[in-house]
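The values are calculated or read from the model by the stated rules, or taken from the named source; none is laboratory data. Note that the structure is a prediction, hence the values are computed from the model and not measured. Cβ placement follows ideal geometry from the backbone for every residue including glycine, while neighbour counts extend to all protein chains displayed.
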Amino acid sequence: MSKESYKQVSWLWEPAVIIFYGFMKKRVWLAIVGVVVLCIGICYYMFFGRYSWSLSDDGKLTISGLDRPYYLDDCPWLDQREEIKEVVIEDGITSIEDDAFSGCPYLTSITIPNSVTKIEDEAFYGCSGLKSIKVKDGNPKYDSRNYCNAIIETESNTLILGCKNTVIPNSVKWIGDCAFGDCSELTSITIPNSVAGIGEKAFYGCSGLTSVTIPESVTEIGYKAFYGCSRLTSIAIPESVTSIDCEAFSGTKWYENQPDGWVYIGGILYNYKGTWPAFGEIVIKENTKIIAGRVFAGCSDLWSITIPESVTSIGGRAFEYCSNLRSITIPNSVTFIGYEAFGDCLNLRSITCLARIPPDIEYGWCGADSYRISLYVPAESVEAYKKAEGWKEFHDIKAIK
């Protein structure tokens, strides 16, 4: 049974509310604004904004029109998600909204036309049965190069959507956030040595994944990148990785097999497994190279931390909410500090950074209160810190005596 076509008109309530409120409050000018907005909106949608959709008996969802399908709440085909097996978006549609097709368990095939220039996050998240992904030739923003069964953002070479049959091309530089999210039928994946980063939740919930090889080209592994890959039993992190975020491998068989206490992946301090004891003072063991993201987050009893000279990277939000931490010394070996590494450390009053070259701070913000925290650096580097992104925000930069 073919489903009735849908024409988007749910936006009408917004100017209608303005008109109603204007009359109720006797504010004529506001009612006039509402009428003008309503008229402009009607004209726009009459000539440019119309779209329709239909779902055939064999599960083929076809979307056509002159604009992006926009909806204020749930997408109009929500109730039929379990009936959708194929999605065909015709030329004219320009954007695919967030969650537009997420959770369609029997969707096996999608085709993206040349007109689509924006695909929002998680548009196809959790489509576990997806087998075929194709972007038509000539799309200015996306491609499916080398018949890879994936959507790749052409300019950045970021793979934004994959499926169980995806072969990642050697030209891909980044595996995007949620690219394979909840792809439970994915059993193995080869990541080429062109890839530099694996985004947040890139392989989240890939419960069928049994093996993955991370190449030496990868430098960053995002938040919950492999979370919930319950059959993944072994993990090897190459020396090239300089940043790994919180819970990247939690929910895997490998993590389940780790004993309680500090968990390491090679030279990476990954997290603490089990119930946090009342740590007051922590000495990180020698030969640790990376402190992963959020390792100490919320450790309110922590007042002293010793970081060895072997550490080169401190992950994002690593010490977030360590409310009793009063001072910290960053060794000369550290070259990178993640975003908000010291966020909401309410009693932090001094940071001593022994690095002569100011470490890079992700997004230029380490989370520290730059007005009330004193920053101590090598005497010959004071001016460099005053000019460096992220460090120059500190109002009190002093030479180490």
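Results, tabulated for the structure shown:
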{"read-out": "Residue tally, condition buried (at least 21 other Cβ atoms within 10 Å of the Cβ), touching a Phe, Trp or Tyr at 6+ places or on another chain (Cβ under 9 Å) and not in a loop (DSSP other than H, G, I, E, B), over region 143-184", "value": "6"}
{"read-out": "Among (1) under 29 Å from the mean Cα position of the chain (by Cα); (2) surrounded by fewer than 18 Cβ atoms within 10 Å (Cβ to Cβ), the one test that SER327 misses", "value": "(1)"}
{"read-out": "Enumeration of residues in region 293-306 that are free of Cβ contacts under 8 Å to residues at least 40 places away in the same chain and either surrounded by 20 or more Cβ atoms within 10 Å (Cβ to Cβ) or at positive phi (or both)", "value": "PHE296, GLY298, CYS299, LEU302, ILE305"}
{"read-out": "Yes/no for GLY274 being among the small types (Gly, Ala, Ser), at positive phi and not assigned by TED's automatic domain parsing to the domain that holds ASP344", "value": "no"}
{"read-out": "Any hit, region 240-252, residues being among the aromatic types (Phe, Trp, Tyr), over 22 Å from PHE101 (Cα atoms) and modelled with pLDDT of 95 or more", "value": "yes"}
{"read-out": "LEU375 vs. criteria more than 30 Å from the chain's Cα centre (by Cα) and at negative phi", "value": "yes"}
{"read-out": "Residues of region 83-107 that turn out to be aliphatic (A, V, I, L, M), in contact with a strand residue (DSSP E or B) (Cβ under 6 Å, 6 or more places away or on another chain) and either within 13 Å of LYS60 (Cα to Cα) or surrounded by fewer than 18 Cβ atoms within 10 Å (Cβ to Cβ) (or both), as a count", "value": "4"}
{"read-out": "Number of the condition not met by SER115 [criteria: (1) in contact with a strand residue (DSSP E or B) (Cβ under 7 Å, 6 or more places away or on another chain); (2) not in a loop (DSSP other than H, G, I, E, B)]", "value": "(2)"}
{"read-out": "Residue that is farthest from the chain's Cα centre (by Cα) [pool: residues in region 200-232 that are among the β-branched types (Val, Ile, Thr) and surrounded by fewer than 18 Cβ atoms within 10 Å (Cβ to Cβ)]", "value": "THR210"}
{"read-out": "Residue count for region 185-199, restricted to those that are surrounded by 18 or more Cβ atoms within 10 Å (Cβ to Cβ) and of a type outside the set (A, V, I, L, M)", "value": "2"}
{"read-out": "Selection from region 333-378 of residues that are of a type in the set (A, V, I, L, M) and touching a strand residue (DSSP E or B) at 6+ places or on another chain (Cβ under 9 Å)", "value": "VAL334, ILE337, ALA341, LEU348, ILE351, LEU354, ALA355, ILE361, ALA368, ILE373, LEU375, VAL377"}
{"read-out": "SER300 being within 30 Å of SER128 (Cα to Cα), within 28 Å of the chain's Cα centre (by Cα) and among the polar types (S, T, N, Q)", "value": "no"}
{"read-out": "Leading residue by the ranking (nearest to ALA297 (Cα to Cα)) among those in region 233-255 that are polar (S, T, N, Q) and surrounded by fewer than 20 Cβ atoms within 10 Å (Cβ to Cβ)", "value": "SER250"}
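Okay, residues lined up against (1) surrounded by 16 or more Cβ atoms within 10 Å (Cβ to Cβ); (2) hydrophobic (A, V, I, L, M, F, W, C); (3) outside the structural domain of ASP245 (by TED's automatic domain parsing); (4) over 31 Å from the mean Cα position of the chain (by Cα):
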{"site": "ALA341", "(1), (2), (3), (4)": "yes, yes, yes, no"}
{"site": "LEU346", "(1), (2), (3), (4)": "no, yes, yes, no"}
{"site": "ALA355", "(1), (2), (3), (4)": "yes, yes, yes, no"}
{"site": "PRO359", "(1), (2), (3), (4)": "yes, no, yes, no"}
{"site": "TYR371", "(1), (2), (3), (4)": "no, no, yes, no"}
{"site": "ALA379", "(1), (2), (3), (4)": "no, yes, yes, yes"}
{"site": "GLY390", "(1), (2), (3), (4)": "yes, no, yes, no"}
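For every residue, the table says whether it meets (1) at pLDDT 95 or above; (2) on the phi < 0 side of the Ramachandran plot; (3) not aromatic (Phe, Trp, Tyr).
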| site | (1), (2), (3) |
| --- | --- |
| ILE96 | no, yes, yes |
| GLY103 | no, no, yes |
| CYS148 | yes, yes, yes |
| ASN157 | yes, no, yes |
| ILE168 | yes, yes, yes |
| LYS173 | yes, yes, yes |
